[in-house]
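Below is one structure; the comments refer to it alone.
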Amino acid sequence: MREGWNVDQGQRHHGRVLVFDADDTLWENNVLFERVIDDFLGWVDHPTLDRVEIRAILDDIERANTVVHGYGSKVFLRSLAECLERLRERPATERERREIDDLAAALAHHEVELMPGVAETLDELAGRHELLLLTKGDPEEQQRKLDASGLLHHFRAAHVVMEKDAETYRRLARDHPFDPAVAWMIGNSPKSDILPARAAGMSAVFIPNDNTWVLEHDEVDPADDRVLHLTAFPDLLRHF
C-alpha cells in the first residue's frame, strides 16, 4: 500500500491497535553506532584491509553475536573487541579495550533525540487508538531510553524483547489480547518490524530510516497491499 493511499479506502477508523517500534522509529539510534564504527575503522588502520573489508568482518561478528548475546551497546562493544582481535590475530590488550570503551562512550551519555513530529503525532493517535510499544535490546538500556523519551504515557504497555520474530507478534496479540487482522505494526526495519508482523497476520507501516542498521535490512514485497509505505512519522495522521 503506497504513500498517498488511505487505510480502508480513505476512511480513518478509531479503535485500532497500533504497535510501535522504538529505535530509529521514535528516536534516532543507529546513527550513533555508525559514528562509533567510523571512528573504529579509522583507529584500527589495518595494513592490508580497507575500511569496507574491515566493516564486512565487523558485520559478520555482530551478526553472530546478536544470535547468542542479543542487542545493545554492551554486545556492540564485545563485537568491536572481537573484530580487533581477529584483525590483530591476538587477544586485545587492556589498553586497547579502554580505547574501544572511549570510542563508544557517547553511546552511554547521548540524550534521546526524537524523530520530528513523534510526540505530537502520538498525542493525537493515543486519543483514538490503542497504542503498544515493542522494542528489542538490552532491557536496562532500552528502559533508560524509554524513560528519557517522555513518551511512555502514550502506550498501554511497552515490551522489551530479545528478538522480534513472528512468534513475538503472535504472543503480543495473545497477551493483550487483540485480533492481528485489524492491528498494525509501525517501524523502520523490514527484518524486525515489517516481515515478522506480516507473517503473524498483522498489517504494517514501513517508515524507512536512512540510518537503519545493515543487519536489519531485508526486502519488502512491493505488491503487498497490507504494507503502507510512508516517508515521515507525522504522515500516520493521514491514515489513522
Fill in the blank from the handout: Considering residues that are open to solvent by 40 Å² or more (accessible area, probe 1.4 Å) and touching a residue at least 60 places away in the same chain (Cβ under 8 Å), the number found within the stretch 54-106 is 4
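Residues checked against (1) at pLDDT below 90; (2) crowded, with 17+ Cβ neighbours inside 10 Å; (3) within 25 Å of the chain's Cα centre (by Cα); (4) among the acidic types (Asp, Glu):
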| site | (1), (2), (3), (4) |
| --- | --- |
| Gly4 | yes, no, yes, no |
| Arg12 | yes, no, no, no |
| Trp43 | no, no, no, no |
| Glu111 | yes, no, yes, yes |
Completion exercise
Quick count over the stretch 168-199, residues being open to solvent by 20 Å² or more (accessible area, probe 1.4 Å) and either in a loop (DSSP other than H, G, I, E, B) or touching a residue at least 24 places away in the same chain (Cβ under 8 Å) (or both), is 10
Completion exercise
Ala204 passes all but one of the listed conditions (1) open to solvent by less than 60 Å² (accessible area, probe 1.4 Å); (2) farther than 14 Å from Phe20 by Cβ; the exception is number (2)
Exercise for the section: Taking His159 as the residue in question, decide whether it is at pLDDT below 95, within 18 Å of the chain's Cα centre (by Cα), under 22 Å from Gly70 (Cα atoms) and open to solvent by 20 Å² or more (accessible area, probe 1.4 Å). Expected result: no
Problem - Those helices (runs of 4 or more DSSP H) lying entirely in the stretch 43-162 with at least 2 residues touching a Ser or Thr at 6+ places or on another chain (Cβ under 9 Å) - result: 51-69, 73-88, 105-109, 118-126, 139-149
Practice task
Any residue in the stretch 213-232 that's in a helix (DSSP H, G or I): show its pairings with residues that are among the charged types (D, E, K, R) at Cβ separation under 7 Å, as long as the two are six or more apart or on different chains.
Solution key: Val214/Asp59; Leu215/Asp59; Leu215/Glu62; Leu215/Arg63; Glu216/Lys191
Completion exercise
Reported set for the stretch 107-121 where residues are touching a residue at least 60 places away in the same chain (Cβ under 8 Å), out of contact with any strand residue (DSSP E or B) (no Cβ under 7 Å at 6 or more places or on another chain) and not β-branched (Val, Ile, Thr) is Leu107, His110, Pro116, Gly117, Glu120
Exercise for the section: Under 6 Å between Cβ atoms, at least 6 apart or on separate chains: pull out the pairs that start in the stretch 17-33 with a residue that is over 19 Å from Ala126 (Cα atoms) and in a helix (DSSP H, G or I) and end on any residue that is hydrophobic (A, V, I, L, M, F, W, C) and open to solvent by 10 Å² or more (accessible area, probe 1.4 Å). Expected result: Asn30/Trp213; Leu32/Leu107
Handout entry: Residue match in the stretch 136-144 (condition: open to solvent by less than 40 Å² (accessible area, probe 1.4 Å) and closer than 20 Å to Trp184 by Cβ)
Key = yes
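The values are calculated or read from the model by the stated rules, or taken from the named source; none is laboratory data. This structure is a prediction, so every number in the text was calculated from the model and none was measured. Positions of Cβ are generated from backbone atoms using ideal geometry, with glycine treated the same way; all protein chains shown enter the neighbour counts. For the accessible areas, the whole protein counts, side chains as well, though only heavy atoms, and no ligand, DNA or RNA atoms are used. Shrake-Rupley method; radii C 1.70, N 1.55, O 1.52, S 1.80 Å.
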